[in-house]
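Working notes, beginning with the structure itself.
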Amino acid sequence: MNMYYRVKVKIAIDTGKGVKYNSEYYLVEAQSVTDAEATTVKDLSDDSVDFEVVEVKKSEICKVL
């Protein structure tokens, strides 16, 4: 059974005056924490941005309608 995980990602943004880091959150349907992280990394790698997965937590969300 798949669960939902909240993945916090730190993304580097070049502002022209330097690099700024923003935190973004993703809701990922996965079988485990490792699977949720791998899915996020695969998705963001396609965008060719600098990022770091900071945290993966089991979400309290049980269903997306």
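The values are calculated or read from the model by the stated rules, or taken from the named source; none is laboratory data. Everything numeric here is computed off the predicted structure, so don't read it as measured data. Positions of Cβ are generated from backbone atoms using ideal geometry, with glycine treated the same way; all protein chains shown enter the neighbour counts. Each accessible area value is taken on the protein alone, full model and side chains, heavy atoms only, with ligands, DNA and RNA left out. Shrake-Rupley method; radii C 1.70, N 1.55, O 1.52, S 1.80 Å.
Quick look at the numbers
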| read-out | value |
| --- | --- |
| Filter result (open to solvent by 80 Å² or more (accessible area, probe 1.4 Å) and either closer than 28 Å to Ile61 by Cα or of a type outside the set (Val, Ile, Thr) (or both)) within the stretch 6-19 | Arg6, Asp14, Lys17 |
| Qualifying residues in the stretch 20-65 (those that are closer than 12 Å to Tyr4 by Cβ and touching a residue at least 40 places away in the same chain (Cβ under 8 Å)) - the one surrounded by the most Cβ atoms within 10 Å (Cβ to Cβ) | Val56 |
